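Read the structure below first, then the notes.
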Amino acid sequence: MNALVLVNLQNAYPAGTEQDLVAVQGSYPDILMEREAALALSRLMAQIDGWRFIAPVSGWRSQAEQQSIWDQSLRDHGLEFTRQFVALPGHSEHQTGLAIDLGLRAKEIDFIRPNFPYDGICQTFRELAPAYGFIERYPKGKEAVTGIAHEPWHFRYVGIPHAEKMTRRGLTLEEYLA
Ligand SMILES: [Zn+2]
């Protein structure tokens, strides 16, 4: 596992990469991440009793799953929306097993755009995330760099100390690697 692997519009996820995927939380056996990332997420959630208020919405995706999400979004929302919020199949960070979408618990959680506000428990999570190796991957104002719209709910495991360095310097993964 390379925690700094860059997957975006220009960089596809290398096919055939070996993965060690585990469930992020016992009640969600289908939501998987790379073992190291899942463990870091568990520790962070334990510290803030986060799973009581926050649900995991989407973790690892196969290329086939990304394709079906893309197709469905295209049918439901059209091309413009889909390009902004759904990565092209082969180019989704979710295929790495290092990304997780999180949503504030509610009766209905939007699968593509879950609610993860900048206050309360979600903000507490966000502020502690870098110490556990996670960054908010698609911040506001960096759309031109990441190629993805602002996504407050999408977190990416990059490991320690990279997450703290990136957050402190206000750098996206693209900028940090450059
Ligand atoms: Zn995501």
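The values are calculated or read from the model by the stated rules, or taken from the named source; none is laboratory data. Being a predicted model, the structure only gives us computed values, none of them experimental. As a convention, Cβ positions derive from the backbone with ideal geometry for all residues, glycine included, and neighbour counts pool all protein chains shown.
Values for this structure:
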{"item": "Restricting the range 70-105 to residues that are among the acidic types (Asp, Glu) and in contact (Cβ under 8 Å) with a residue 12 or more places away in the chain, the residue that is farthest from Pro56 (Cα to Cα)", "result": "Glu93"}
{"item": "The range 162-175 residues that are within 13 Å of Gly133 (Cα to Cα), paired with ones that are of a type in the set (Gly, Ala, Ser) and at pLDDT 95 or above (beta carbon under 6 Å, 6 or more apart)", "result": "Ala163/Gly133"}
{"item": "Residue in the range 6-14 that is more than 15 Å from the ligand (Cβ to nearest atom), polar (S, T, N, Q) and part of a loop (DSSP other than H, G, I, E, B) present", "result": "yes"}
{"item": "Of the criteria (1) modelled with pLDDT of 95 or more; (2) of a type in the set (Gly, Ala, Ser); (3) surrounded by fewer than 22 Cβ atoms within 10 Å (Cβ to Cβ); (4) under 26 Å from Ala23 (Cα atoms), which one Gly90 fails", "result": "(1)"}
{"item": "The range 113-138, residues that are more than 16 Å from the ligand (Cβ to nearest atom) and surrounded by fewer than 22 Cβ atoms within 10 Å (Cβ to Cβ)", "result": "Pro117, Tyr118, Asp119, Gly120, Ile121, Gln123, Thr124, Glu127, Leu128, Pro130, Ala131"}
{"item": "Residue match in the range 71-83 (condition: under 20 Å from Asp49 (Cα atoms) and among the β-branched types (Val, Ile, Thr))", "result": "no"}
{"item": "Top-ranked residue of the range 144-161 - restricted to ones that are more than 15 Å from the ligand (Cβ to nearest atom) and either of a type outside the set (Gly, Ala, Ser) or within 19 Å of Leu9 (Cα to Cα) (or both), ranked as surrounded by the fewest Cβ atoms within 10 Å (Cβ to Cβ)", "result": "Ala144"}
{"item": "Count of residues meeting criterion [of a type in the set (A, V, I, L, M, F, W, C) and more than 18 Å from the chain's Cα centre (by Cα)] in the range 10-30", "result": "1"}
{"item": "Enumeration of residues in the range 33-69 that are without any contact (Cβ under 8 Å) to a residue 24 or more places away in the chain, surrounded by fewer than 14 Cβ atoms within 10 Å (Cβ to Cβ) and hydroxyl-bearing (Ser, Thr, Tyr)", "result": "Ser68"}
{"item": "Residues of the range 70-83 satisfying the condition of being within 14 Å of the ligand (Cβ to nearest atom) and either under 17 Å from His150 (Cβ atoms) or in contact with a Phe, Trp or Tyr (Cβ under 8 Å, 6 or more places away or on another chain) (or both)", "result": "Ser73, Thr82"}
{"item": "Evaluation of Ile31 against (1) within 21 Å of Pro152 (Cβ to Cβ); (2) assigned to a helix (DSSP H, G or I) (one fails), failing number", "result": "(2)"}
{"item": "Extreme residue, nearest to the ligand (Cβ to nearest atom), among residues of the range 84-103 that are among the small types (Gly, Ala, Ser) and touching a strand residue (DSSP E or B) at 6+ places or on another chain (Cβ under 9 Å)", "result": "Ala99"}
{"item": "Where a residue in the range 125-144 is modelled with pLDDT of 95 or more and its partner, wherever it lies, is assigned to a loop (DSSP other than H, G, I, E, B) and away from the ligand (no atom under 16 Å from the Cβ), with Cβ under 8 Å and at least six apart", "result": "Arg126/Tyr118; Ala131/Ile160; Tyr132/Ile160; Gly133/Ala3; Gly133/Gly159; Gly133/Ile160"}
